[in-house]
């Protein structure tokens, strides 16, 4: 599976890209800025754990802190 993330300022062009993606049998979904930020945070945490910069306890503490906000 391949994943492509595109970001643009034009609603018209976004709708065109979504329509084209569906015609090409891609799964396509529009996400909010908040959802994009959540994905970026999750990827950063995962990379931190894989690289050893973050251990599981630090990950758990960080996530618990997010839930408290």
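Bear in mind these aren't lab numbers, they're just calculated from the coordinates by the rules spelled out. Keep in mind it's a predicted model, so treat the numbers as computed, not measured. So basically every Cβ, Gly included, is an ideal-geometry build from the backbone, and we count neighbours across all protein chains shown.
Helices in the chain, meaning DSSP H runs of at least 4 residues, each add -39500 (n - 2.57). Divided by all residues, the mean residue ellipticity at 222 nm is -21500 deg cm²/dmol. Measuring how big region 30-69 is from its alpha-carbon positions, Rg and Dmax come out at 11.2, 33 Å. Helix 33-51 and the longest principal axis of the Cα set of the chain meet at an angle near 50°. Relative to the longest principal axis of the Cα atoms of the chain, helix 11-23 runs at roughly 90 degrees. In terms of the mean number of neighbouring beta-carbon atoms within 10 Å, the peptides 52-64, 22-34 order highest first as 52-64, 22-34. Counting only alpha carbon atoms, the long axis of helix 56-68 and the longest principal axis of the chain meet at about 70°. If you wrap the tightest convex hull around every Cα atom of the chain and split its volume per residue, you get 113 Å³.
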